[in-house]
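Okay, so here's the structure we're looking at.
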Amino acid sequence: MKKIITITNQKGGVGKTTTAMSILGVLHKMKYRTLGVDLDPQGSLGFSAGVDIEHCDTVYDVFTGEKSIDDVIVSTEELGDILPSNIDLSTVELEFRSEGRECLLRNELRKIAGNYDYIIIDTPPALNVLTMNAYAASGGLIIPMAPEILSVLAVSQIRDTIQTIKENFNPDLEVLGILLNRFSLRLRLNREVDDMAQKLAKNLGTKVFRTKIHSSVSVAASPAYAESIITYDPASKPAKDFKSLVKELMNGK
């Protein structure tokens, strides 16, 4: 399993933050040292982990040099450490225009990477400089997809960004796989999206994970309690699915 993994899709509502939280939850419960990095200006990962994102230092302060990364990281009981964000991060595209701005995160993570076994990065629903920072810092990408046509279209548009990063900043970047979220074989559209995902995966030189993540109301409820589905409802189908996903990642097959 890659040490630094980014969860990415330029479309919103496909389960990026849920996926990041759940993988962190599984790994943390397995006693691994984990860090979740929130690169979304909405701050959903930090907020869902119980961080007061409106009244704390964030990754934005690290990028501007106002704070060191060690001073900004927050410890949580259920997910391990979190590098939070908030709306201030939305100005990065305009503020940082110098050469090498795509490597801001990579440079910072190198300072503390030895403190962690795994680092999981949550990204905004966009292909912008924040997404490129995540790609440049990562060993692998997981692309969540919802069972809908627009989600398929969004995935097909990621390829060019991945290629740009591989050619210029991170030749070792790998797409680990496409993850189907809110999945049900009983629904015809889900089966059709699965077929399309297989074709997209081939085009990206990757695979569709064998593990599919099923729907549950518990997934939506768990952030209100600053927990992932792993601890909030461990007997639920999605909790079991995410545990299976982590095993699949670790097996590398």
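The values are calculated or read from the model by the stated rules, or taken from the named source; none is laboratory data. Nothing here was measured: the structure is a model prediction, and the numbers come from that model. Quick reminder, even Gly has a Cβ in these numbers, built from the backbone with ideal geometry, and neighbours come from all protein chains shown.
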First in the stretch 17-46 and touching a residue at least 60 places away in the same chain (Cβ under 8 Å), second anywhere and among the acidic types (D, E) and surrounded by fewer than 24 Cβ atoms within 10 Å (Cβ to Cβ), Cβ under 6 Å, 6 or more apart:
Y32/D117; R33/D117; L35/D81
Selection within the stretch 63-75 - under 19 Å from the mean Cα position of the chain (by Cα) and either surrounded by fewer than 18 Cβ atoms within 10 Å (Cβ to Cβ) or modelled with pLDDT under 95 (or both)
S75
Of all residues in the stretch 128-145 being under 21 Å from T91 (Cα atoms) and touching an Asp or Glu at 6+ places or on another chain (Cβ under 7 Å), which is surrounded by the fewest Cβ atoms within 10 Å (Cβ to Cβ)?
N128
Using beta carbons and a limit of 6 Å, which pairs, at least six apart or on different chains, have the first residue in the stretch 149-167 and surrounded by 15 or more Cβ atoms within 10 Å (Cβ to Cβ) and the second one at pLDDT below 70 and aromatic (F, W, Y)?
none
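For every residue, the table says whether it meets (1) at positive phi; (2) in a helix (DSSP H, G or I); (3) in contact with a Phe, Trp or Tyr (Cβ under 6 Å, 6 or more places away or on another chain); (4) at pLDDT 90 or above.
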{"residue": "G177", "(1), (2), (3), (4)": "yes, no, yes, yes"}
{"residue": "R186", "(1), (2), (3), (4)": "no, no, no, no"}
{"residue": "N203", "(1), (2), (3), (4)": "no, yes, no, no"}
{"residue": "A220", "(1), (2), (3), (4)": "no, yes, no, no"}
{"residue": "T231", "(1), (2), (3), (4)": "no, yes, no, yes"}
{"residue": "L245", "(1), (2), (3), (4)": "no, yes, no, yes"}
Residues in the stretch 109-127 that are surrounded by 21 or more Cβ atoms within 10 Å (Cβ to Cβ) and among the charged types (D, E, K, R) total 1
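Out of the stretch 1-45, which residues are of a type in the set (G, A, S), over 17 Å from A239 (Cα atoms) and touching a Gly at 6+ places or on another chain (Cβ under 8 Å)?
Start the filter on the stretch 1-45 by keeping residues that are of a type in the set (G, A, S), which leaves 12-13, 15, 20, 22, 25, 36, 43-44.
Keeping just the survivors that are over 17 Å from A239 (Cα atoms) gives 12-13, 36, 43-44.
The one that is of a type in the set (G, A, S), over 17 Å from A239 (Cα atoms) and touching a Gly at 6+ places or on another chain (Cβ under 8 Å): G36.
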Does D241 satisfy the condition of being closer than 19 Å to T76 by Cβ, acidic (D, E) and without any contact (Cβ under 8 Å) to a residue 60 or more places away in the chain?
no
Restricting the stretch 1-58 to residues that are polar (S, T, N, Q) and in a strand (DSSP E or B), which is surrounded by the most Cβ atoms within 10 Å (Cβ to Cβ)?
T6
Within the stretch 80-108, residues being touching a strand residue (DSSP E or B) at 6+ places or on another chain (Cβ under 6 Å) and either surrounded by fewer than 16 Cβ atoms within 10 Å (Cβ to Cβ) or not polar (S, T, N, Q) (or both) number 5
